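Peer 1: Starting off with a structure, shown below.
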Amino acid sequence: MAYSAKVMEHFSNPHNVGEIKDADGVGEVGNPKCGDIMRMYIKVDNDVITDVKFMTFGCGAAIATSSMATDLVKGKTIPEALKLTNKAVMEALDGLPAIKVHCSVLAEQAIKAAVSDYYRRRGIDPTPIVGEI
Ligand code: FES
Ligand code: FES
């Protein structure tokens, strides 16, 4: 199994690590098979994700995909962020080994979970907008 240079870079020096205390949305997802957990915090202003941070307890690929996913949604509108796919995260990282593809799925789901929480806090049912996570 070989990791791309980009994966190694984001694993060794992940971007947007941490918590946002006054976040507008927090999403947590996990994979029961590997036990890894990803938590994402978003700050939203006028439908734009002005800040995003993550805490991931998991493998190197989970950390690298969290880092890349947060980079990709930062400064984007909520509808743009919801278009983020695990495939786009993998491509931005120059690929992942097959057994690590689910780590990128977790990153996509974590963003969606944070957006869902953002809608819920505003009294809006997120399911029709975000879909099932
Ligand atoms: Fe070992 Fe995720 S499988 S840390
Ligand atoms: Fe499960 Fe990476 S091995 S998220």
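The values are calculated or read from the model by the stated rules, or taken from the named source; none is laboratory data. Nothing here was measured: the structure is a model prediction, and the numbers come from that model. When we count neighbours, we look across all protein chains shown, and the Cβ atoms used for this are built from the backbone with ideal geometry, even at glycine.
Peer 1: Being within 16 Å of ligand 2 (Cβ to nearest atom), part of a helix (DSSP H, G or I) and either at pLDDT 95 or above or out of contact with any Leu (no Cβ under 8 Å at 6 or more places or on another chain) (or both) narrows it down to one residue among A88, A107; which is it?
Peer 2: A107
Peer 1: Taking interchain pairs and intrachain pairs at least six residues apart, which have beta carbon atoms under 7 angstrom, with the first residue in the stretch 57-72 and at pLDDT 95 or above and the second more than 9 Å from ligand 2 (Cβ to nearest atom) and aromatic (F, W, Y)?
Peer 2: Sorted first by the residue in the stretch 57-72, then by its partner, the pairs are G60/F11; I63/F11; A64/F11; S66/F54; T70/F54.
Peer 1: Next up: Being within 16 Å of ligand 2 (Cβ to nearest atom), among the small types (G, A, S) and either on the phi > 0 side of the Ramachandran plot or surrounded by fewer than 16 Cβ atoms within 10 Å (Cβ to Cβ) (or both) is the filter here, so list the residues in the stretch 13-56 that pass it.
Peer 2: Within the stretch 13-56, G35 is the sole residue that qualifies.
Peer 1: How do the pairs read when you match residues in the stretch 36-47 that are touching a residue at least 60 places away in the same chain (Cβ under 8 Å) with residues anywhere that are of a type in the set (S, T, N, Q), using Cβ under 6 Å and keeping only pairs 6 or more apart or on different chains?
Peer 2: Once the first residue is touching a residue at least 60 places away in the same chain (Cβ under 8 Å) and sits in the stretch 36-47, its partners that are of a type in the set (S, T, N, Q) give M38/T56; M38/S66.
Peer 1: Okay, next question. Which one of the conditions (1) hydrophobic (A, V, I, L, M, F, W, C); (2) part of a helix (DSSP H, G or I); (3) buried (at least 17 other Cβ atoms within 10 Å of the Cβ) does L96 fail to meet, given that it meets all the rest?
Peer 2: Condition not satisfied by L96: (2).
Peer 1: State which residue pairs qualify: first residue away from ligand 1 (no atom under 15 Å from the Cβ) and inside the stretch 95-118, second residue hydroxyl-bearing (S, T, Y) in any location, beta carbons under 7 Å apart, and separation of 6 or more residues or different chains.
Peer 2: What qualifies is G95/S4; E108/T85; A114/Y41.
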